[in-house]
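Where a number appears in this text, it was derived from the coordinates with a stated rule and is not lab data. What you see is a predicted model, and the numbers here were worked out from it, not measured in a lab. Please note: Cβ atoms are built from the backbone with ideal geometry, for glycine as well, and neighbour counts cover all protein chains shown.
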Amino acid sequence: MSGERSYGYRALFSEPGILVYALAAAFGKLQAGMFALGTLYAVADQRSYSAGAFVVAVSALGGLSTPLRGRLLDRYSYGPVLWTIMALHTVLVGGLLLNEHMRGPFWVTVASGLLGNLVAPPIGVVTRVMWRSVTTEKSRPTALAFDSVLADAGFILGPALAALVCATLAPWAGLAAVLFFTAVAMLLLPKNIGDDKASARQGDRHWAGPLASPRLVLLLGAALCFATSVSVLEIALATPHGADDSKVLSGLLVSVLAAGSIVGGLLIGAMTPALAKRATRLPVLLMALAVFSTALAFGNEAGWLVAVPLCLLTGLSFGPSFVAVYGRSGDLAPAGMAAETQAWAGTALQLGSAAGAGAGGVLLDVWGPPGALALAPVAAVIGAASAFAGDRLRTPVAKPLEDAVPESL
């Protein structure tokens, strides 16, 4: 009877070594949230904030190489790959800081930032693969939900910590902290992660990797639309509009969205595996996001007494949706492609955030925040349709080996 009741966080943290692995994930999420602001302050100290922002924008393009780094992890041992790219990452970040200290050419700083992010250790990818290998079926939904909560917390606390160390120590301290947290996270990761991956021959692997799976491509499309909706909501709500609006109120609304996401993730982690599976059906979650964001588009004009509860309800769908995207990606990952699959999921979310920011900015200029908010439910509905199509798509059954052998043999 006690075994049936063992689920949620109790089941997760009863697994051996989970606390250490949770710390590895936490440090990894912190460094991810600190890199952009650490770069901004390091460059702005010797040049200007506009120059720092340009370096941050260019270096963000390095995130597009995450699937390539994931493919390297799938093909070779995790340890050597991670520490090799960590060494390159450290050299390039150190080169950026040295060039700024010596007031060297700006193009060197830009190139160092871009290349440094191109070879940044994909700790987030590794930890998501890790959770699937160090947990049981009972504790895995909680682990994925906990990882989502850590990601939200990292993107809230990471920038604050970067600002703190840069203000109290030195402008370069933010990037130094990024390197420190990355190294600590790598040291805390399990040593045997990825040892059970399939040893498929090079010739057996499709050149497109996991993107050869139509179901996964549809899931990635849903993830992109989900991130677009979230990004549009954040930008529209962060923009004051109306005579009585203020930056404080706008910041409050965005904070409530983030709080709702954390609460939603925590709730998923506390559920039984069966209930968590039902609560993380991506098509349903995205339709809920469409409904709540539509209500928010209309209710945002009614004042903060209406907008704040609607923001909380809208944010509640964020955390479970992240759990659904990463969990389903792991389920659909072809044999021997777990890391690259998770990397593509993260890349789809990044592209969606960028698309939402760009489209939201244009709509803000044309129609203001209400017009920008209208895009959020549209993107969510398209994402729900893509996720539903992926769930309905049947996977071709491989022909048995004995049927494929010629009778003459």
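Along segment 102-115, what does the Karplus equation 6.51 cos²θ - 1.76 cosθ + 1.60 (θ = phi - 60°) give for ³J(HN,Hα), rounded to whole Hz, x for Gly and Pro?
Once rounded to whole Hz, the list reads 8, 6, x, x, 5, 5, 5, 4, 4, 5, 5, x, 5, 5.
Note down the magnitude of the dipole of the chain about its Cα centre, charges +1 on Lys and Arg C-beta and -1 on Asp and Glu C-beta and zero elsewhere, to the nearest 20 debye. Each step should come with its number before you reach the end.
Details: 25 positive and 22 negative charges, 110 e Å.
That gives the chain a dipole magnitude of about 520 debye.
Which semi-axes, in whole Å and largest first, does the equivalent ellipsoid of segment 209-392 have when worked out from the alpha carbon gyration tensor as the square roots of 5 times its eigenvalues? Kindly include the intermediate steps, with their values, before the conclusion.
Numbers: eigenvalues 174, 63, 32 Å².
In descending order the semi-axes read 30, 18, 13 Å.
What order do you get for 71-81, 344-354 when each peptide is scored by the mean count of other beta carbon atoms within 10 Å, highest first?
Working: 71-81: 18.2, 344-354: 21.5.
Top to bottom by mean Cβ count within 10 Å: 344-354, 71-81.
Give, to the nearest whole percent, the P(r) tail of segment 96-195 beyond 16 angstrom, counting all Cα pairs. Please report the intermediate quantities before stating the final value.
Working: 3400 of 4950 pairs.
In whole percent, the long-distance tail amounts to 69.
In whole Hz and in residue order, list the ³J(HN,Hα) couplings for segment 129-145 that follow from phi through the Karplus curve 6.51 cos²θ - 1.76 cosθ + 1.60, θ = phi - 60°; x for Gly and Pro.
Result, rounded to whole Hz: 5, 4, 4, 6, 9, 10, 10, 9, 4, 6, 9, 5, x, 5, 5, 5, 5.
Considering only Thr239, Leu187, Leu219, whose Cα is most displaced toward the positive end of the charge dipole of the chain, charges sitting on Cβ of Lys, Arg (+1) and Asp, Glu (-1)?
Checked the options; the winner is Leu187.
No solvent, one uniform scatterer per C-alpha: report log10 I(q)/I(0) for the chain via the Debye equation at q = 0.08, 0.09, 0.11, 0.14 1/Å, two decimals.
-0.45, -0.57, -0.85, -1.34
Considering amide H positions built from the backbone, and no H for Pro or chain starts, which residues 5 or more places from Gly104, or on another chain, come under 5 Å of its amide H?
Distant-sequence amide H within range of Gly104: zero hits.
Excluding same-chain pairs closer than 8 in sequence, count the lysine pairs in the chain whose Cα atoms lie under 29 Å apart.
10
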